[in-house]
């Protein structure tokens, strides 16, 4: 199942079979969004079907039902509802955001970017909107635009790790290794228990030919995740680069990696 990146709090107690007369629109829509986040997309759709019958001009209701349809991977109905929401309210950020994800899933990336941009225009302080557009720019090999979006997301909220991860990867892919290393350092700082931070940093250090630092990080990966094959593979590659092929240290790690399923 694909889950929306937006988060809503449950509001009020609603019957799943009917919407009480005069119910506040915000309550119905917020309840439905909360149900989708709990995996209850079908009851959410049922709730919104009833609500929309008496509130056919409520853009937020169509956006919420479109989100529920997207959750159950019914993109045709999702696109229909999300487009209706945008028709009713051209500034409905949720509708643009959800429709962008539908287009992305159909590999219509330019349409997806256009909708993410509209969502950002309507809600410029949402880091997930920026992050998703940045990922598409990254996919389309537009690193400057990707970095700009990830950087803006970090400016809005510097705590989540994903923006540093993605920006660091873009930097490294474009041989900006010092900038990449700074981002990977930040990831390790934010969560010292996550082996991925040390693997990313180790790969960057290996690219910089800082073999001692890379060995230290790949050893940390193995300490945190001893069953993970990648730590042994990259430590072996680092020893190969540092000591030459067939060093005792590298051969020991290659042996473990092969036992764990690695095939050259």
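Listed values, structure above:
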| quantity | calculated |
| --- | --- |
| Scan of segment 23-33 for residues that are surrounded by fewer than 18 Cβ atoms within 10 Å (Cβ to Cβ) and assigned to a helix (DSSP H, G or I), ordered by number | 25, 26, 27 |
| Members of segment 62-100 that are within 13 Å of residue 118 (Cβ to Cβ), surrounded by fewer than 24 Cβ atoms within 10 Å (Cβ to Cβ) and within 18 Å of the chain's Cα centre (by Cα) | 93 |
| Matching residues, segment 222-238, being touching a helix residue (DSSP H, G or I) at 6+ places or on another chain (Cβ under 8 Å) and farther than 20 Å from residue 177 by Cα | 222, 224, 225, 228, 229, 230, 231, 232, 233, 236 |
| Members of segment 170-183 found to be closer than 22 Å to residue 142 by Cβ and either surrounded by 20 or more Cβ atoms within 10 Å (Cβ to Cβ) or in contact with a strand residue (DSSP E or B) (Cβ under 6 Å, 6 or more places away or on another chain) (or both), listed by number | 170, 171, 172, 180, 183 |
| Positions within segment 206-220 being surrounded by fewer than 24 Cβ atoms within 10 Å (Cβ to Cβ) and touching a helix residue (DSSP H, G or I) at 6+ places or on another chain (Cβ under 7 Å), in sequence order | 206, 207, 208, 211, 213, 215, 219, 220 |
| Residue in segment 58-76 that is in contact with a helix residue (DSSP H, G or I) (Cβ under 7 Å, 6 or more places away or on another chain), farther than 25 Å from residue 122 by Cα and at pLDDT 95 or above present | yes |
| Selection status of residue 212, modelled with pLDDT of 95 or more, part of a helix (DSSP H, G or I) and closer than 27 Å to residue 175 by Cα | yes |
| The listed residue being assigned to a loop (DSSP other than H, G, I, E, B) and over 15 Å from residue 237 (Cα atoms), out of 193, 151 | 193 |
| Selection within segment 142-164 - closer than 20 Å to residue 203 by Cβ and surrounded by fewer than 20 Cβ atoms within 10 Å (Cβ to Cβ) | 143, 161, 162 |
| Single condition residue 252 does not satisfy, out of (1) farther than 20 Å from residue 188 by Cα; (2) buried (at least 19 other Cβ atoms within 10 Å of the Cβ) | (2) |
| Flag for residue 233 being in the same structural domain as residue 129 (by TED's automatic domain parsing) and either buried (at least 17 other Cβ atoms within 10 Å of the Cβ) or assigned to a helix (DSSP H, G or I) (or both) | no |
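Per-residue answers, yes or no, for (1) modelled with pLDDT of 95 or more; (2) closer than 29 Å to residue 159 by Cβ:
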site: 176; (1), (2): yes, yes
site: 206; (1), (2): yes, yes
site: 217; (1), (2): yes, yes
site: 221; (1), (2): yes, yes
site: 232; (1), (2): yes, no
site: 238; (1), (2): yes, no
site: 243; (1), (2): no, no
site: 256; (1), (2): yes, no
site: 263; (1), (2): no, no
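The values are calculated or read from the model by the stated rules, or taken from the named source; none is laboratory data. These figures come from a predicted structure and were not determined experimentally. Cβ atoms come from the backbone with ideal geometry, glycine included; neighbour counts cover every protein chain shown.
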